[in-house]
1. What distance in nm separates the simple spin-label points at Lys98 and Thr12, each placed 7 Å from Cα in the Cβ direction?
2. Full-extension gain between Glu42 and Trp145, please, as 0.36 nm times their residue separation minus the C-alpha to C-alpha distance.
3. Between Glu62 and Asp3, take the C-beta separation as r, use R0 = 41 Å, and let me know the FRET efficiency to the nearest 0.05.
4. List, in order, the whole-Hz ³J(HN,Hα) value for each residue of the range 77-91 obtained from phi through the Karplus relation with A = 6.51, B = -1.76, C = 1.60 and θ = phi - 60°; use x for Gly and Pro.
5. About its Cα centre, how strong a charge dipole does the range 1-116 have in debye, to the nearest 20, once Lys and Arg get +1 and Asp and Glu get -1 at the Cβ?
6. Could you identify which residue out of Val118, Val11, Val134 has the top mean-square fluctuation in a GNM of the chain using Cα springs shorter than 10 Å?
7. Taking springs between alpha-carbon atoms closer than 10 angstrom, which of Leu29, Leu78, Leu102 fluctuates most in the Gaussian network model of the chain?
8. Setting aside same-chain residues fewer than 8 positions from Lys28, which lysines have a Cα under 25 Å from its Cα?
Amino acid sequence: MTDLDLTIGFVTDLHFGPEARFEGKLRKLTHEAPRLVASAVEAINREDVDALVNLGDDIEDESHDADLARYRECQSILRRARAPLINVAGNHDTIHLKARELLDVWGRDGKLYTSLDVKGWHLVVLHTIERQGVDIHVDAEQVRWLRD
(Lines give C-alpha, C1' and ligand atoms only; values in the text may rest on other atoms or scores of the structure.)
Protein backbone atom coordinates (compact mmCIF):
# COMPACT_ATOMS: atom_id res chain seq x y z
CA MET A 1 0.00 0.00 0.00
CA THR A 2 1.10 3.54 -0.74
CA ASP A 3 0.06 6.84 0.78
CA LEU A 4 -2.36 7.28 -2.12
CA ASP A 5 -4.23 4.02 -1.55
CA LEU A 6 -7.91 4.71 -1.05
CA THR A 7 -10.49 2.15 0.04
CA ILE A 8 -14.13 3.07 -0.57
CA GLY A 9 -17.22 1.18 0.49
CA PHE A 10 -20.31 1.62 -1.70
CA VAL A 11 -24.02 1.20 -1.06
CA THR A 12 -26.77 1.93 -3.55
CA ASP A 13 -30.48 1.56 -4.18
CA LEU A 14 -31.40 0.90 -0.55
CA HIS A 15 -35.07 1.77 -1.19
CA PHE A 16 -36.43 2.08 2.36
CA GLY A 17 -40.18 1.69 2.11
CA PRO A 18 -43.13 -0.66 2.24
CA GLU A 19 -42.91 -4.15 0.80
CA ALA A 20 -42.80 -3.76 -2.99
CA ARG A 21 -44.70 -6.27 -5.10
CA PHE A 22 -45.43 -6.38 -8.82
CA GLU A 23 -47.99 -8.74 -10.28
CA GLY A 24 -48.06 -10.62 -6.98
CA LYS A 25 -44.30 -11.19 -6.83
CA LEU A 26 -41.89 -9.63 -4.35
CA ARG A 27 -40.06 -7.00 -6.40
CA LYS A 28 -37.73 -5.30 -3.89
CA LEU A 29 -36.68 -6.02 -0.31
CA THR A 30 -37.75 -2.50 0.70
CA HIS A 31 -39.32 -3.70 3.96
CA GLU A 32 -35.98 -5.38 4.88
CA ALA A 33 -33.85 -2.33 4.02
CA PRO A 34 -33.17 -1.12 7.61
CA ARG A 35 -31.90 -4.54 8.69
CA LEU A 36 -29.87 -5.07 5.51
CA VAL A 37 -28.27 -1.60 5.63
CA ALA A 38 -27.38 -2.04 9.31
CA SER A 39 -25.71 -5.33 8.41
CA ALA A 40 -23.80 -3.67 5.55
CA VAL A 41 -22.59 -0.90 7.87
CA GLU A 42 -21.39 -3.50 10.38
CA ALA A 43 -19.44 -5.22 7.59
CA ILE A 44 -17.96 -1.92 6.43
CA ASN A 45 -16.90 -1.16 10.00
CA ARG A 46 -14.92 -4.42 10.11
CA GLU A 47 -12.84 -3.20 7.14
CA ASP A 48 -10.32 -0.38 6.88
CA VAL A 49 -12.54 1.86 4.75
CA ASP A 50 -11.59 5.49 4.08
CA ALA A 51 -15.04 6.59 2.91
CA LEU A 52 -18.54 5.21 2.50
CA VAL A 53 -20.21 6.36 -0.71
CA ASN A 54 -23.99 6.13 -0.81
CA LEU A 55 -25.02 6.25 -4.47
CA GLY A 56 -28.62 7.18 -3.69
CA ASP A 57 -32.14 5.90 -4.06
CA ASP A 58 -32.34 5.58 -0.29
CA ILE A 59 -36.13 5.55 -0.42
CA GLU A 60 -38.96 3.99 -2.38
CA ASP A 61 -40.79 7.22 -3.24
CA GLU A 62 -44.26 7.23 -1.70
CA SER A 63 -45.13 10.66 -0.26
CA HIS A 64 -43.29 13.66 1.12
CA ASP A 65 -43.75 12.83 4.80
CA ALA A 66 -43.11 9.09 4.47
CA ASP A 67 -40.08 9.72 2.25
CA LEU A 68 -38.55 12.27 4.63
CA ALA A 69 -38.99 9.96 7.64
CA ARG A 70 -37.50 7.00 5.75
CA TYR A 71 -34.67 9.10 4.32
CA ARG A 72 -33.74 10.24 7.83
CA GLU A 73 -33.89 6.65 9.09
CA CYS A 74 -31.62 5.44 6.29
CA GLN A 75 -29.11 8.22 6.83
CA SER A 76 -29.10 7.57 10.57
CA ILE A 77 -28.12 3.95 9.98
CA LEU A 78 -25.48 4.90 7.38
CA ARG A 79 -23.92 7.37 9.84
CA ARG A 80 -23.08 4.46 12.12
CA ALA A 81 -20.20 3.77 9.74
CA ARG A 82 -16.84 4.82 11.12
CA ALA A 83 -15.84 6.11 7.67
CA PRO A 84 -17.00 9.50 6.42
CA LEU A 85 -20.31 9.28 4.55
CA ILE A 86 -20.47 10.76 1.05
CA ASN A 87 -24.01 11.01 -0.33
CA VAL A 88 -25.26 11.14 -3.90
CA ALA A 89 -28.91 12.05 -4.46
CA GLY A 90 -30.79 9.38 -6.40
CA ASN A 91 -33.77 9.96 -8.67
CA HIS A 92 -36.15 8.34 -6.14
CA ASP A 93 -34.78 10.60 -3.39
CA THR A 94 -35.76 13.75 -5.27
CA ILE A 95 -39.31 12.86 -6.37
CA HIS A 96 -40.99 14.17 -3.21
CA LEU A 97 -38.01 15.71 -1.38
CA LYS A 98 -36.37 19.02 -2.23
CA ALA A 99 -32.61 19.52 -2.50
CA ARG A 100 -32.65 21.65 0.67
CA GLU A 101 -34.25 18.79 2.63
CA LEU A 102 -31.63 16.30 1.47
CA LEU A 103 -28.82 18.72 2.28
CA ASP A 104 -30.30 19.32 5.75
CA VAL A 105 -30.36 15.59 6.43
CA TRP A 106 -26.79 15.32 5.13
CA GLY A 107 -25.77 18.16 7.44
CA ARG A 108 -24.29 20.39 4.78
CA ASP A 109 -25.01 23.50 2.74
CA GLY A 110 -24.58 24.13 -0.95
CA LYS A 111 -25.75 22.07 -3.88
CA LEU A 112 -26.39 18.38 -4.45
CA TYR A 113 -23.05 18.28 -6.23
CA THR A 114 -19.74 18.86 -4.48
CA SER A 115 -16.09 17.95 -4.31
CA LEU A 116 -13.96 16.91 -1.37
CA ASP A 117 -10.56 15.53 -0.50
CA VAL A 118 -10.11 12.09 1.06
CA LYS A 119 -6.62 10.73 1.79
CA GLY A 120 -4.95 12.79 -0.93
CA TRP A 121 -7.63 12.08 -3.55
CA HIS A 122 -9.94 14.78 -4.87
CA LEU A 123 -13.42 13.29 -5.27
CA VAL A 124 -16.26 14.85 -7.25
CA VAL A 125 -19.94 14.12 -6.71
CA LEU A 126 -22.32 15.17 -9.48
CA HIS A 127 -26.11 15.25 -9.43
CA THR A 128 -27.86 13.86 -12.47
CA ILE A 129 -31.17 15.29 -13.61
CA GLU A 130 -33.72 12.75 -14.83
CA ARG A 131 -36.59 13.53 -17.15
CA GLN A 132 -38.37 10.22 -16.82
CA GLY A 133 -38.60 8.43 -20.13
CA VAL A 134 -36.68 11.23 -21.88
CA ASP A 135 -33.09 11.48 -20.63
CA ILE A 136 -30.68 11.68 -17.73
CA HIS A 137 -28.08 14.43 -17.80
CA VAL A 138 -25.80 16.69 -15.80
CA ASP A 139 -26.92 20.30 -16.13
CA ALA A 140 -24.82 23.08 -17.64
CA GLU A 141 -24.21 24.71 -14.23
CA GLN A 142 -22.46 21.55 -12.98
CA VAL A 143 -20.47 21.17 -16.18
CA ARG A 144 -19.20 24.78 -15.82
CA TRP A 145 -18.42 24.19 -12.13
CA LEU A 146 -16.54 20.99 -12.94
CA ARG A 147 -14.60 22.65 -15.75
CA ASP A 148 -13.62 25.54 -13.43
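1. 3.0
2. Contour length minus the Cα-Cα distance gives 33.5 nm.
3. Computed FRET efficiency for Glu62 and Asp3 comes out at 0.35.
4. 5, 4, 5, 6, 5, 6, 7, x, 9, 10, 9, 10, 7, x, 4
5. 160
6. Val134
7. Residue with maximal mean-square fluctuation among Leu29, Leu78, Leu102: Leu29.
8. Lys98
The values are calculated or read from the model by the stated rules, or taken from the named source; none is laboratory data. Computed from a predicted model, the values in this text were never measured in an experiment. Glycine also receives a Cβ, built like all others from the backbone with ideal geometry; neighbour counts cover every protein chain displayed. Only protein heavy atoms, including side chains, enter the accessible area calculation; ligands, DNA and RNA are left aside. Shrake-Rupley method; radii C 1.70, N 1.55, O 1.52, S 1.80 Å.
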